[in-house]
Amino acid sequence: MVNATIIIFVFLFAVSIGSFLNVVILRVPERQSLVTPPSHCPRCNYRLRWFDNIPLLSYIMLGGKCRKCREPISVQYPLIELMTGVLGLACYMHFGLTPAMVVFFVFCAILLAVTFIDIPYQIIPNGISIPGTIFGVAASFFVPQMNWQDSLIGAVAGFLIIFLTAYGYWFLTKREGIGMGDAKLLALLGAFLGWQAIPFILIASSFQGLLFFFVGLAFGLVKKAPPLPDPDEGPLPEKTENQEISVRHAAIPFGPFLALSGLEFLFFGRLILDVMTGWGG
Ligand SMILES: [Zn+2]
């Protein structure tokens, strides 16, 4: 089944999709066009030639710097290309050359884009999550590994669980805890993975988010939350350049942890369900 030529082809195809994801991550949250202007250096506006734009290779050949002004290029670009390549291979290993491989590679690509937009911007664009969810439900009618009832229930339940939690939290505290972006992301995860994935995703993402927070706290990467301002004292202070990060203010984006747990379920779902039902019985 697994063939060396196909492995190379899948990897090269996936890293070039990674290259496209870099453009999505850079431009979608800024509401810029994906096609114009062509890729350029943000400092000197040098327009990238095709040989400056080869996934992974160009970054290495340029030594991580702009060809013209030597401005360092973010390591995030080759990193996302590499991660997309690895996820492409993982989908091939898991599903073989099947429609499921294509559908779940799209799923992985969506999760990568969402993660790297949510980290700096703390938003999950509707332009990605809503069409992504519709695609997931639509695909479930054609992909044998999916089931449309599971997918539809997954999308609705995923949205409602976070929406109702957020509404309840807001109702009790008049503060926004978790965002609607996260509700739409869990809908997307439910659409692709089925409702059976949702308990694991909620538990695993919360656990991993907290673990990240406490490890970050121990290594001084995240700072402890300042006391919450009294809601009666007026509006919250404006965000500043080096705003303190805290779980209490939900300033650590939750989206990346939802996405990570979704990937864990995609590749280890059968094992996870076995363990979870084992606990139950
Ligand atoms: Zn430059």
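Brief remarks follow.
- Val35 vs. criteria surrounded by 12 or more Cβ atoms within 10 Å (Cβ to Cβ) and within 28 Å of Gly127 (Cβ to Cβ): no
- Residue in the stretch 221-237 that is buried (at least 16 other Cβ atoms within 10 Å of the Cβ) and either outside the structural domain of Ala90 (by TED's automatic domain parsing) or at pLDDT 85 or above (or both) present: yes
- Output for the stretch 45-56, where each listed residue is within 14 Å of the ligand (Cβ to nearest atom) and hydrophobic (A, V, I, L, M, F, W, C): Leu48
- Of the candidates Ile117, Ile123, Ile54, Ile73, the single residue that is free of Cβ contacts under 8 Å to residues at least 12 places away in the same chain and surrounded by 15 or more Cβ atoms within 10 Å (Cβ to Cβ) is Ile54.
Residues checked against (1) among the hydrophobic types (A, V, I, L, M, F, W, C); (2) part of a loop (DSSP other than H, G, I, E, B); (3) at pLDDT below 95:
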position	(1), (2), (3)
Phe116	yes, no, no
Pro120	no, no, yes
Ile123	yes, yes, yes
Ala138	yes, no, no
Met146	yes, yes, no
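For every residue, the table says whether it meets (1) more than 16 Å from the ligand (Cβ to nearest atom); (2) in a helix (DSSP H, G or I).
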site	(1), (2)
Val24	yes, yes
Arg43	no, no
Ser58	no, yes
Arg67	no, no
Pro78	yes, yes
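The values are calculated or read from the model by the stated rules, or taken from the named source; none is laboratory data. Given the structure is predicted, the values throughout are model-derived calculations rather than measurements. Neighbour counts run over all protein chains shown; Cβ positions are idealised from the backbone, glycine included.
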